[in-house]
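Engineer: Here you go, one structure.
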Amino acid sequence: MYSREPLKIYVDFDDCLCETAQSFVEIASRLFGKNVPYEELHSFNLQESFSLNDEEYAELMKEGHRPEILLSYEETPGASRVLNELIDEGHEVFVITGRPFAAYEASKQWLEEHDLSRPKLFFLNKYGRDFFYKGGEFNLELEDYYKMHFDYAVEDSPMAFGFFDHLPDLNVLVFDRPWNSKAEFPGANYHRCTDWDIIRDRIRKGGIK
């Protein structure tokens, strides 16, 4: 039997809920003729992965965050099904993304269109990309984020691992992607997961009493 004590679950948006990098592969090819297979995206830094100059990288990011592009991202298989199962079991899900806040409306719409309207959505300036992180119900300043507690985190980016240092008991479920395939995990509480069913089973196992 699963514990009825609710768990708090952090979930990253891009490449955990949706196939963002797959779309950027297409965009880089279309805009710049950079034909880099998805499997060869060995760096989370897309400027490095696609060998782009600063101007090209800015254009890539602008194109990838247009509302119609954001709404076209394919769901990562099993994401909405598993998260709704976990929510139905009483757990709390927080989608915490490093997207620029200008992407809020399209991101919210994407979640609604993929039956993920129940998780709470927050924008955190994880990578120093955005200046528009002051005030607002859905913005998280770092000092507020560090006051939050989570039992599990689903994340794909090695660059984000440092955001979990304040939670020594956190179980980090690393969604297996080419850019984290060689990453060194900070501790034994990090676990590589290849799909959402494995993520669900690990969370359920942790909830057994």
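The values are calculated or read from the model by the stated rules, or taken from the named source; none is laboratory data. Predicted model only: the values in this text are computed from it and were never measured. Glycine also receives a Cβ, built like all others from the backbone with ideal geometry; neighbour counts cover every protein chain displayed. Protein only, heavy atoms only, side chains kept; ligands, DNA and RNA dropped before computing areas. Shrake-Rupley method; radii C 1.70, N 1.55, O 1.52, S 1.80 Å.
Engineer: Can you compute the FRET efficiency between H149 and F185 using 1/(1 + (r/R0)^6), with r the Cβ-Cβ distance and R0 = 22 Å? Round to the nearest 0.05.
Structural biologist: For R0 = 22 Å, the calculated efficiency reads 0.55.
Engineer: Another one. Quick one: with all protein chains in place, what share of the accessible area of the range 1-103 is carbon or sulfur, to the nearest percent (1.4 Å probe)?
Structural biologist: The nonpolar share, carbon plus sulfur, comes to 51 percent.
Engineer: Taking amide H positions as placed in the peptide plane 1.01 Å from N, state which residues far from F13 in sequence (5 or more) or on other chains have amide H under 5 Å from it.
Structural biologist: Under 5 Å from the amide H of F13: I96, G98.
Engineer: Quick check: residue separation of E89 and E40 times 0.36 nm, minus the Cα distance between them. What number comes out in nm?
Structural biologist: 13.9 nm
Engineer: Averaged per residue, what accessible surface does the chain expose to a 1.4 Å probe, in Å²?
Structural biologist: Value for the chain: 50 Å² per residue.
Engineer: Cα axis of helix 79-88 to longest principal axis of the chain: angle in degrees, 0 to 90, nearest 10?
Structural biologist: Computed tilt is about 30 degrees.
Engineer: Still on this structure, I have one more. Note down the nm distance, to one decimal, between modelled labels 7 Å out along Cα→Cβ at K8 and at H65.
Structural biologist: Roughly 2.7 nm, to one decimal.
Engineer: Scan the range 69-114 for GluC sites (Glu not before Pro) in coil per DSSP, keeping those whose Cβ has at most 15 other Cβ atoms within 10 Å, and list them by number.
Structural biologist: In loop regions of the range 69-114 (DSSP not H, G, I, E or B), the sparsely surrounded GluC sites (Glu not before Pro) are E74.
Engineer: Calculate how steeply helix 196-206 sits against the longest principal axis of the alpha-carbon atoms of the chain, using the helix alpha-carbon long axis, and give the answer as 0 to 90 degrees to the nearest 10.
Structural biologist: Once rounded, one gets 30 degrees.
Engineer: Could you tell me the relative contact order of the range 1-117? Use alpha-carbon pairs under 8 Å, at least six residues apart, and round to a whole percent.
Structural biologist: Once normalised by length, the contact order is 39 percent.
Engineer: Against the longest alpha carbon principal axis of the chain, how many degrees, from 0 to 90 and to the nearest 10, is the axis of helix 54-64 turned?
Structural biologist: Roughly 60 degrees, rounded to the nearest 10.
Engineer: Taking amide H positions as placed in the peptide plane 1.01 Å from N, state which residues far from D156 in sequence (5 or more) or on other chains have amide H under 5 Å from it.
Structural biologist: Close amide H contacts, sequence-distant or interchain: F175.
Engineer: Right, another one. For the pair S72 and D197, what calculated FRET efficiency results from E = 1/(1 + (r/R0)^6), where r is the Cβ-Cβ distance and R0 = 25 Å, to the nearest 0.05?
Structural biologist: 0.50
Engineer: The chain: longest stretch without exposed chymotrypsin sites (Phe, Trp or Tyr not before Pro) (DSSP loop, at most 15 other Cβ within 10 Å), sites themselves excluded?
Structural biologist: The longest such stretch corresponds to 1-126.
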